[in-house]
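Chemist: One structure, as structure tokens, below. Some questions next.
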Amino acid sequence: MVRGRPVGSHIADLAEWAAGVRPTPGDEELARRALVDTVAGTLAAADAPDTGWTAGSPAVLRWAAVGHVLDVDDVHLPSSSRVSVVCVPATLACGGGSREYLAGAGVMVRLGAALGREHDRAGWDPTCTVGAPAAAVAAGLALGLDATALATAVALAAPAASGVQASCGASDKPLQVGLAAAAGVRAAHLAAAGAPVDPATLDQWFAMIGGVDALDGPLVPDGLTVKAYPCSDALQRVISAVRLLPPLPRDGIAAIRVHIPQSALQPLIRSAPCTGQDATRSLEYAVAAALLDGFPGLASFTDAAVGRPEAKHLAGLVDIRPGPGGTGILDGDVRITVELTDGTAEHAALDVPDGHPRRPLSDADLAAKVAGCVGPQLAATVLALGWDDAAALLHGALPEGAAR
């Protein structure tokens, strides 16, 4: 299917494609990592203060909302959508596995890419606006729906799809994600029960999109960026560049220069953080944490960690030198120079961060992220999870309908 086909055919074509998904080994590996990463991020937030409002909610809403609380979930860069935090819970809540997840993810990234950056700039959050139809696909396949019923599920989910960019960084942002996943699962159950809807009612919605790209090629075109470190997206590349440096004597560092495009500094508004939350948007602290901790995890972004004298000292040595280079946080590249007290210097440069599809996380780094989220004792269990085991683990940590 290509852009420009009659709008009435799009939803049927998407549903037929999703029903016929046959994953390759590469697709299966993407799904496995998405499962592990999403479950780890969800478990890490299970006891966070901001999760109490999910008590009494359906499992899919709880899992998706809690999974987004710490903002450590993966992203599909061309569509600006947080794919797995929607599609993994929808799949698990209905007893599905990697195939169902991949079909939902494939629909989500295609719809999101078709909407484009104009959708973002208009104030919408694509994680939610295309997440609900994608969740309907993943859940519908898990429930055994055929292509016709899948089209019905998507048509039922789309009217409930919403999410606004103004909530970015606010406490209600995770709830939007949970509502989108729940809307998709609800639509799939309605379709399974025979709820009537004419998919052509979405003609106007698809007319706004203008059509989706060809459905051949990888199930998730351009792959997913796995967020390596629990801080702003704009800091991922900075930390990754610092980690390229050789081991340095902490008391032998005289100065740290960071050359970075001005556009990449947009979200980094905390030059002298006092709290762990402030530190997630501080370039100076991110450099210090990478030098001190090697692989900065959740423990690196606590109030106590920010207050470390050695962290404050190293952050104070950081000299940020903005330059031209595009409009986004990944435009251009980042260059780090560390001057030592003996007169020598070490350099590192990077264009994309750890976890980017062109620079995927190593198994060791994925294990380090998981351990930072759930602790070393549970990390081995999470890293070895299958889809059936994952659902049971999440039910135990966030039981449906339980009061907190």
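Chemist: Quickly run through region 306-328 and pick out the residues that are assigned to a loop (DSSP other than H, G, I, E, B) and closer than 17 Å to Val242 by Cα.
Modeler: Residue satisfying the conditions is Leu317 alone.
Chemist: Another question, if that's okay. Looking at this structure, is Ala315 crowded, with 19+ Cβ neighbours inside 10 Å and among the aliphatic types (A, V, I, L, M)?
Modeler: On the way: crowded, with 19+ Cβ neighbours inside 10 Å: yes; among the aliphatic types (A, V, I, L, M): yes.
Yes: the conditions hold for Ala315.
For every residue, the table says whether it meets (1) within 12 Å of the chain's Cα centre (by Cα); (2) at pLDDT below 95; (3) surrounded by 24 or more Cβ atoms within 10 Å (Cβ to Cβ).
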{"position": "Pro78", "(1), (2), (3)": "no, yes, no"}
{"position": "Ser81", "(1), (2), (3)": "yes, yes, yes"}
{"position": "Val86", "(1), (2), (3)": "yes, no, yes"}
{"position": "Gly95", "(1), (2), (3)": "no, no, no"}
{"position": "Arg99", "(1), (2), (3)": "no, no, no"}
{"position": "Ala103", "(1), (2), (3)": "no, no, yes"}
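Chemist: Within region 341-381, track down each residue that is surrounded by fewer than 18 Cβ atoms within 10 Å (Cβ to Cβ) and aliphatic (A, V, I, L, M).
Modeler: Ala345, Ala348, Ala349, Val352, Ala364, Leu378, Ala380
Chemist: Let me spell it out: the conditions are (1) out of contact with any helix residue (DSSP H, G or I) (no Cβ under 9 Å at 6 or more places or on another chain); (2) surrounded by fewer than 14 Cβ atoms within 10 Å (Cβ to Cβ), and Ala384 meets all of them except one. Which number is the exception?
Modeler: Among (1) out of contact with any helix residue (DSSP H, G or I) (no Cβ under 9 Å at 6 or more places or on another chain); (2) surrounded by fewer than 14 Cβ atoms within 10 Å (Cβ to Cβ), Ala384 violates only (1).
Chemist: May I pose another question? Which of the residues belonging to region 54-68 are among the basic types (Lys, Arg) and not in a helix (DSSP H, G or I)?
Modeler: none
Chemist: Continuing with the same structure: For region 289-305, enumerate the residues that are of a type outside the set (S, T, N, Q) and either assigned to a strand (DSSP E or B) or within 21 Å of Pro267 (Cβ to Cβ) (or both).
Modeler: Within region 289-305, the first condition is being of a type outside the set (S, T, N, Q), and the residues that meet it are 289-299, 301, 303-305.
Those that are of a type outside the set (S, T, N, Q) and either assigned to a strand (DSSP E or B) or within 21 Å of Pro267 (Cβ to Cβ) (or both): Ala289, Ala290, Pro296, Gly297, Leu298, Phe301, Asp303, Ala305.
Chemist: Output the number of the condition that Asp71 fails; it satisfies all remaining conditions of (1) in a loop (DSSP other than H, G, I, E, B); (2) of a type in the set (D, E, K, R); (3) at pLDDT 95 or above.
Modeler: Of everything listed in (1) in a loop (DSSP other than H, G, I, E, B); (2) of a type in the set (D, E, K, R); (3) at pLDDT 95 or above, Asp71 misses just condition (3).
Chemist: Determine which single condition Asp278 fails, assuming it passes every other condition in (1) without any contact (Cβ under 8 Å) to a residue 60 or more places away in the chain; (2) outside any loop (DSSP other than H, G, I, E, B); (3) closer than 27 Å to Arg32 by Cα; (4) among the charged types (D, E, K, R).
Modeler: In the conditions (1) without any contact (Cβ under 8 Å) to a residue 60 or more places away in the chain; (2) outside any loop (DSSP other than H, G, I, E, B); (3) closer than 27 Å to Arg32 by Cα; (4) among the charged types (D, E, K, R), Asp278 misses (3) alone.
Chemist: Please state which one of Val242, Val287, Val238, Val220 is in the same structural domain as Ala157 (by TED's automatic domain parsing), under 23 Å from the mean Cα position of the chain (by Cα) and either modelled with pLDDT under 95 or not basic (Lys, Arg) (or both).
Modeler: Only one candidate passes the filter, namely Val220.
Chemist: Scanning region 266-282 for residues that are of a type in the set (A, V, I, L, M, F, W, C) and surrounded by 16 or more Cβ atoms within 10 Å (Cβ to Cβ), which turns out nearest to Pro230 (Cα to Cα)?
Modeler: Selected residue: Ala279.
Chemist: Moving on to the next point. Tell me which of these Leu340 doesn't satisfy, since it passes every other one: (1) at positive phi; (2) touching a residue at least 60 places away in the same chain (Cβ under 8 Å); (3) not acidic (Asp, Glu).
Modeler: (1)
Chemist: Now for a separate question. Is it the case that Gly97 is in contact with a Phe, Trp or Tyr (Cβ under 8 Å, 6 or more places away or on another chain) and touching a residue at least 40 places away in the same chain (Cβ under 8 Å)?
Modeler: Answer is yes for this residue.
Chemist: Take the residues in region 74-114 that are polar (S, T, N, Q) and in a helix (DSSP H, G or I), then tell me which one is farthest from Pro126 (Cα to Cα).
Modeler: Initially, region 74-114 is screened for residues polar (S, T, N, Q), giving 79-81, 84, 91, 98.
Right, trim to in a helix (DSSP H, G or I) and you get 79, 84, 91, 98.
Numbers: Ser79: 7, Ser84: 13, Thr91: 19, Ser98: 22 Å.
Of everything passing the filter in region 74-114, Ser98 is farthest from Pro126 (Cα to Cα).
The values are calculated or read from the model by the stated rules, or taken from the named source; none is laboratory data. Because the structure is a prediction, the values reported are computed rather than measured. Neighbour counts are summed over all protein chains in view; Cβ atoms, including those assigned to glycine, are modelled from backbone coordinates with ideal geometry.
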